[in-house]
Amino acid sequence: MNRPPAGRLVALLAVMVFAFGAIFVRLAVLQVSQAAELEQRAVDQRLETVTLPAERGQILDRVGRPLALSTPAVDVYADPRYVADPWTTASRLGPILGLGVTELVGELSRDTTFVYLARAVELDVAERIRELGLPGIGFLDTTKRSYPAGPLAPQVLGFVGTDGVGLWGLEQGYEEALAGTPGVRTTEFDPHGQPIVGGVHVEQAPVPGSSIVTTLDRELQFHVEQALAAAVQTQRARGGIVIVMEPNTGEILAMATAPGFDPNAFDASPPATYRNRALTDAFEPGSTNKVITAAAAVQEGVMPLDERISVRWTMEIGPYTIHDAHPHGTLRMTLGDIIAHSSNIGAVHVANRLGRERMATYLSRFGLGRSTGIGFPGESRGIMLPLANWSDASLATISYGQGIASTPLQMISVFSTIANDGRWVQPRLVRGTVDPAGMFHEAETLPSRRVVSADTARTVTQMLAYAVDYGTGTNAQVAGFQVAGKTGTARIPHPDRPGYLPGEYMASFIGYLPAGGPKVVIAAILDRPASVYGGLAAAPLFRQVAGVAITQLGLVPAERVPLPPHALPLG
């Protein structure tokens with residue numbers, strides 16, 4: 001029998017020694033220098049950490065009725081590492097989730113450990129998927145935002161995105177309070193994607209968010225929106241705005257913008273409908289701004305109430321010619337007549353007596369040109385020409401509400417100041433919060449300031465009551481109640497060049513009742529109505545909203561205020 005040569009045996013032995021040596025060295029490296037890293041990688045492959053969303057706080061009306069709430073739902077996710085057959089899994093999931101199989105296969109094949117397949121699905125849908133027992137498919141309890149009243153105050157409430165974050169309105173502005181604090185869950189899985197019994201399972205529970213108690217009255221809001229929608233349709237207007245406010249507290253009882261949308265399906269409506277135009281958009285106020293001119297004149301004593309001045313229907317200001325709304329002969333008018341019959345020329349005479357500095361001062365005191373501080377996302381400050389840039393023409397046009405821009409919220413605050421005996425109170429939409437334990441925390445006391453004296457405010461109220469009883473606001477009269485208010489008809493600036501759009505106007509009426517003891521202030525505004533003028537288009541809308549407010553708020557008449565000195569015949 002032939003034996004292998006000794007050299008071959010030695011070579012084989014050397015190879016074996018080298019191989020075992022290499023294995024030993026590799027084992028040493030793995031067991032010593034890389035042990036911690038490999039152990040961590042093994043743990044990472046078995047552990048899965050997911051975020052547990054916190055239950056979002058509710059948004060409530062002033063008496064606790066829900067306007068926005070969160071209902072139980074389930075997020076469906078996948079860990080692609082444990083999905084053995086993406087096509088089969090996708091074929092079974094697709095019909096239930098309403099998703100395409102090809103789209104799902106792409107998600108199930110991604111190089112990741114976590115991917116959402118569907119967010120906030122209904123509980124019964126999630127249960128159908130659970131019953132399939134598909135490897136790599138997991139579930140997270142979550143909530144789905146719901147607006148039980150549908151398209152009610154949508155621009156005020158706003159909405160949330162698929163990730164549960166507020167994207168508009170109060171949902172966005174109070175995100176931090178509403179959102180709460182998310183929790184965390186860590187679970188250890190086996191190679192088949194099933195939880196390991198006795199393995200790691202650590203959970204830090206989420207902390208629910210606080211609820212927001214608004215100043216809105218849900219029933220009043222509903223009826224106001226119905227009235228606004230009807231007026232927009234009747235007047236063939238592009239849209240409209242109504243605000244209802246308490247003058248002594250600054251609380252907004254209703255705030256409606258048309259056209260609206262359903263926050264339950266916000267993506268089905270044009271983004272332009274999301275804006276809360278009551279405080280994000282600024283318009284020329286038109287003749288409603290004459291209330292500031294009148295208040296300044298009374299406060300400064302520049303025109304005695306019984307003085308009569310000659311008012312023609314046109315006036316030359318430098319190269320410009322301004323005029324009243326309708327031709328008339330020379331009239332002898334008191335300050336009360338100028339306001340009640342909305343004379344632009346009369347307002348210019350009053351403003352000339354005040355001068356630029358005092359006129360600008362009172363505009364600022366009443367809050368024009370600055371934010372109200374209501375705390376709503378996107379609030380506009382309006383547009384105010386710097387005093388240094390004022391000309392004689394600026395003083396003239398600003399006196400009757402052209403050449404400046406204000407939000408409807410700013411203008412209703414002007415009238416609320418008069419209704420509140422000359423004291424401006426910051427408007428607000430939120431009364432307070434309710435924490436997860438159910439404790440109510442009232443919002444901070446609102447700032448206020450004296451703008452004009454109580455005597456001045458009562459005098460202006462007499463003028464505004466005269467305007468409704470016998471002036472341009474007769475269509476705003478409410479049976480059994482004396483109303484104080486002012487019409488406004490403002491031209492719309494051209495968006496691309498100086499000047500105004502021909503034949504297009506914003507019609508408004510802002511007033512309060514009862515005049516002798518104001519409980520509610522209402523701003524009614526229509527965008528490009530068929531009837532054009534505030535007295536014809538907006539005053540009837542005011543009257544209808546006032547009727548609703550009387551019923552919903554239980555208002556009662558008060559003693560009538562006397563009319564101011566006047567020169568023009570009544571009736």
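Just so you know, in the stretch 262-271 the residues that are in contact (Cβ under 8 Å) with a residue 40 or more places away in the chain and in contact with a Phe, Trp or Tyr (Cβ under 7 Å, 6 or more places away or on another chain) include one that is least open to solvent (accessible area, probe 1.4 Å), and it is Pro263. If you go through the stretch 272-308 and keep only what is open to solvent by 10 Å² or more (accessible area, probe 1.4 Å) and within 13 Å of the chain's Cα centre (by Cα), you end up with Ala272, Thr273, Tyr274, Arg275, Arg277, Thr280, Asp281.
On inspection, Ala490 fails the criterion of being part of a loop (DSSP other than H, G, I, E, B), in contact with a strand residue (DSSP E or B) (Cβ under 6 Å, 6 or more places away or on another chain) and of a type in the set (A, V, I, L, M). In the stretch 420-448, the residues that are under 22 Å from Gly485 (Cα atoms) reach residues that are open to solvent by less than 90 Å² (accessible area, probe 1.4 Å) and aromatic (Phe, Trp, Tyr) with C-beta atoms within less than 9 angstrom, at least six apart or across chains, in these pairs: Trp424/Phe366.
When you check Ala84 against the structure, is it surrounded by 13 or more Cβ atoms within 10 Å (Cβ to Cβ) and modelled with pLDDT of 70 or more, yes or no? Spell out the reasoning first.
Working: surrounded by 13 or more Cβ atoms within 10 Å (Cβ to Cβ): no; modelled with pLDDT of 70 or more: yes.
No.
Within the stretch 202-231, the set of residues being open to solvent by less than 60 Å² (accessible area, probe 1.4 Å), in contact with a helix residue (DSSP H, G or I) (Cβ under 9 Å, 6 or more places away or on another chain) and either closer than 30 Å to Ser531 by Cα or assigned to a strand (DSSP E or B) (or both) comprises Ser211, Ile212, Thr214, Leu220, Gln221, Val224, Ala227, Leu228, Ala230, Ala231. Restricting the search to the stretch 510-530, which residues are of a type in the set (A, V, I, L, M, F, W, C) and in contact (Cβ under 8 Å) with a residue 60 or more places away in the chain? Hits for the stretch 510-530 are Ile510, Val520, Val521, Ile522, Ala523, Ala524, Ile525, Leu526, Ala530.
Is one or more of the residues making up the stretch 68-79 modelled with pLDDT of 90 or more and over 27 Å from Glu107 (Cβ atoms)? Among the residues of the stretch 68-79, at least one is modelled with pLDDT of 90 or more and over 27 Å from Glu107 (Cβ atoms), which makes the answer yes.
With the condition kept exactly as written, say whether any residue in the stretch 347-365 is in contact with a His (Cβ under 9 Å, 6 or more places away or on another chain) and at negative phi. Looking for residues that are in contact with a His (Cβ under 9 Å, 6 or more places away or on another chain) and at negative phi, one finds none in the stretch 347-365, hence no. For the stretch 516-537, what are the residues that are crowded, with 22+ Cβ neighbours inside 10 Å, more than 23 Å from the chain's Cα centre (by Cα) and under 22 Å from Gln462 (Cα atoms)? Selection gives Pro518, Gly534, Gly535. Pairing residues of the stretch 51-67 that are closer than 18 Å to Phe440 by Cβ and at pLDDT 95 or above with residues that are among the charged types (D, E, K, R) and not in a strand (DSSP E or B), at Cβ distances under 7 Å and at least 6 apart in sequence or on separate chains, gives Asp61/Asp217; Asp61/Arg218; Arg62/Asp217; Arg65/Arg218; Leu67/Asp61; Leu67/Arg218. For the stretch 110-134, residues that are open to solvent by less than 70 Å² (accessible area, probe 1.4 Å), farther than 21 Å from Asp163 by Cβ and without any contact (Cβ under 8 Å) to a residue 40 or more places away in the chain total 1. Only one of the numbered conditions (1) modelled with pLDDT of 95 or more; (2) open to solvent by 20 Å² or more (accessible area, probe 1.4 Å); (3) touching a strand residue (DSSP E or B) at 6+ places or on another chain (Cβ under 8 Å) is not met by Gly240, and that is (2). As a summary of the residue check, Pro564 satisfies the conditions (1) in contact with a Gly (Cβ under 6 Å, 6 or more places away or on another chain); (2) open to solvent by 20 Å² or more (accessible area, probe 1.4 Å); (3) under 30 Å from Arg308 (Cα atoms); (4) not small (Gly, Ala, Ser) except for the one numbered (2). Checking each residue in the stretch 234-288 for being assigned to a loop (DSSP other than H, G, I, E, B) and of a type in the set (Ser, Thr, Tyr) picks out Thr249, Ser269. Kindly establish whether Asp267 is over 29 Å from Asn344 (Cβ atoms), modelled with pLDDT of 95 or more and among the charged types (D, E, K, R). Criteria not met by Asp267.
All told, Tyr77 meets the bar of being open to solvent by less than 30 Å² (accessible area, probe 1.4 Å), of a type in the set (Phe, Trp, Tyr), closer than 30 Å to Ser269 by Cα and not in a loop (DSSP other than H, G, I, E, B).
Filtering the stretch 80-114 to residues that are touching a strand residue (DSSP E or B) at 6+ places or on another chain (Cβ under 8 Å) and in a helix (DSSP H, G or I) leaves Pro80, Tyr82, Thr89, Leu93, Leu97, Leu104, Glu107, Leu108.
Against the list (1) touching a strand residue (DSSP E or B) at 6+ places or on another chain (Cβ under 9 Å); (2) open to solvent by less than 10 Å² (accessible area, probe 1.4 Å), the condition Ile383 fails is (2).
Only one of the numbered conditions (1) in a strand (DSSP E or B); (2) buried (at least 20 other Cβ atoms within 10 Å of the Cβ) is violated by Leu501, and that is (2).
Please find, within the stretch 486-501, the residue that is modelled with the highest pLDDT out of those that are of a type outside the set (Ser, Thr, Tyr) and within 16 Å of Asp527 (Cβ to Cβ).
Gly488
Whenever a residue of the stretch 335-350 is assigned to a helix (DSSP H, G or I) and at pLDDT 95 or above, its partners that are among the basic types (Lys, Arg) and open to solvent by 10 Å² or more (accessible area, probe 1.4 Å), lying with C-beta atoms within less than 9 angstrom and at least six residues away or across chains, give the pairs Asp337/Arg308; Ile345/Arg312.
Anything in the stretch 505-515 that is assigned to a strand (DSSP E or B) and either under 20 Å from Asp455 (Cβ atoms) or more than 25 Å from the chain's Cα centre (by Cα) (or both)? List them, or say none. Let's see the steps before the verdict.
Of all residues in the stretch 505-515, those assigned to a strand (DSSP E or B) come to 505-513.
Listed by number, the residues that qualify are Tyr512, Leu513.
There is no residue in the stretch 290-299 that is farther than 16 Å from Ser399 by Cα and not in a strand (DSSP E or B). The helices (runs of 4 or more DSSP H) located wholly in the stretch 136-188 that include 2 or more residues which are farther than 20 Å from Ala278 by Cα and without any contact (Cβ under 8 Å) to a residue 40 or more places away in the chain occupy 175-179.
The values are calculated or read from the model by the stated rules, or taken from the named source; none is laboratory data. These numbers were taken from a predicted model, which means no experiment stands behind them. Note: ideal-geometry Cβ built from the backbone for every residue, glycine included; neighbour counts use all protein chains shown. Note: areas computed on protein heavy atoms with side chains; ligands, DNA, RNA excluded. Shrake-Rupley method; radii C 1.70, N 1.55, O 1.52, S 1.80 Å.
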